[in-house]
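The values are calculated or read from the model by the stated rules, or taken from the named source; none is laboratory data. This one's a predicted model, so the numbers in the text were calculated from it and none came from an experiment. Cβ: placed from backbone, ideal geometry, glycine included. Neighbour counts: every protein chain shown.
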């Protein structure tokens, strides 16, 4: 099952933003135990490639599919791929958006380019984005996804930013492929303190809310 198929099945991925990760393997194991298999580690965490490599090399043990987020340059994309990233996510579309998409395409992995407006969605699709991240989703809410489904029927849209257990189902009902669970599941404090049981419990709560 590829990353997009897994997202269609699980309807959720988690975005990890933390000042440090004690052990990416244990983090991924905690999330999978809670029902979340797709894990996005971001370049806002120092020394991301090291954490990606640890998570990717132990994926057969944890069952996680791990990718790189907040990718903003072609060089970052290549470093993440070399470290074992199974997908790439961008916050938007900067000067290197085409290079990031090409790096993912060359590696045979999905890329999810960030967008906010319909014009940006069109550009992401033209660049070959396999799905489109809508960020920050909470600014316009679930209704915006119903609006986007008009001109973009069948386009896989993934809302990110401000998604929690209380509103995630609304985005899915409005037509999102899956939702990004951020600090509602993986708070920076829990990650830094290795509170794996707490993270598992929060993941279970989130998954129960969208099931």
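Looking only at the range 195-204, decide whether some residue is within 26 Å of residue 45 (Cβ to Cβ), modelled with pLDDT of 95 or more and not in a helix (DSSP H, G or I). Yes, the range 195-204 has at least one match. Scanning the range 166-194 for residues that are in a loop (DSSP other than H, G, I, E, B), within 21 Å of residue 69 (Cβ to Cβ) and touching a strand residue (DSSP E or B) at 6+ places or on another chain (Cβ under 8 Å) returns 176, 177, 178, 182, 185, 186. Of everything in the range 126-158 that is in a helix (DSSP H, G or I) and farther than 15 Å from residue 177 by Cα, the residue that is modelled with the highest pLDDT is 126.
Could you check how many residues of the range 41-87 are outside any strand (DSSP E or B) and touching a residue at least 60 places away in the same chain (Cβ under 8 Å)? Give the steps one after another, and end with the answer.
Applying the first criterion (outside any strand (DSSP E or B)) to the range 41-87 yields 43-64, 70-87.
With touching a residue at least 60 places away in the same chain (Cβ under 8 Å) added as a condition, the list becomes 86-87.
Residues that pass the stated criteria total 2.
Mind counting the residues in the range 184-201 that are crowded, with 19+ Cβ neighbours inside 10 Å, under 17 Å from the mean Cα position of the chain (by Cα) and within 16 Å of residue 164 (Cβ to Cβ)? So the count comes out to 4.
Yes or no, residue by residue, for (1) more than 15 Å from the chain's Cα centre (by Cα); (2) closer than 29 Å to residue 175 by Cβ; (3) surrounded by fewer than 18 Cβ atoms within 10 Å (Cβ to Cβ):
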{"residue": "8", "(1), (2), (3)": "no, yes, yes"}
{"residue": "12", "(1), (2), (3)": "no, yes, no"}
{"residue": "18", "(1), (2), (3)": "no, no, no"}
{"residue": "22", "(1), (2), (3)": "yes, no, yes"}
{"residue": "25", "(1), (2), (3)": "yes, no, no"}
{"residue": "33", "(1), (2), (3)": "yes, no, yes"}
{"residue": "36", "(1), (2), (3)": "no, yes, no"}
{"residue": "39", "(1), (2), (3)": "no, yes, no"}
{"residue": "44", "(1), (2), (3)": "no, yes, yes"}
